[in-house]
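**Q** I have a structure here, written as structure tokens, and I will follow up with some questions on it.
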Amino acid sequence: MSEAGGHAASAADDHAHEHPKYMLIWLYLFILTVAEVFVAFLAIPKWMIVVSLLVMAVWKALLVALYYMHLKFEPNRLRLVALAPLPAVAIMIIAIMMEYV
């Protein structure tokens, strides 16, 4: 019996990691959201606004995926599965942007 308990304890140790600081990540997300609202009302060329907003949106998505979805602590295989659809998203964003240029 002690062997089975020891195996379970070692499996738990393999997956142990520091818990993310959720409130700090939330603060980063809040600051990025405020920055997005600020950038949206700047008197700069429209393409600069769009690029800035896209960069901040990707940054926020990465924070959510890495910390709230715990991808930072998962094996690389799972990260690859999460990243696989991104080229299709990039193609769709570029196609939509080309319609309005």
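The values are calculated or read from the model by the stated rules, or taken from the named source; none is laboratory data. None of these values were measured; they are calculated from a predicted model. Heads up: the accessible areas ignore ligands, DNA and RNA and are worked out on the full protein's heavy atoms, side chains in. Shrake-Rupley method; radii C 1.70, N 1.55, O 1.52, S 1.80 Å.
**Q** Among the residues of region 21-77, write down those that are open to solvent by 90 Å² or more (accessible area, probe 1.4 Å), modelled with pLDDT of 85 or more and part of a loop (DSSP other than H, G, I, E, B).
**A** Hits for region 21-77 are 21, 41, 43.
**Q** OK, next. Identify all residues within region 78-88 that are open to solvent by less than 80 Å² (accessible area, probe 1.4 Å) and of a type in the set (A, V, I, L, M); write none if there are none.
**A** Of everything in region 78-88, those that are open to solvent by less than 80 Å² (accessible area, probe 1.4 Å) and of a type in the set (A, V, I, L, M) turn out to be 78, 82, 84, 88.
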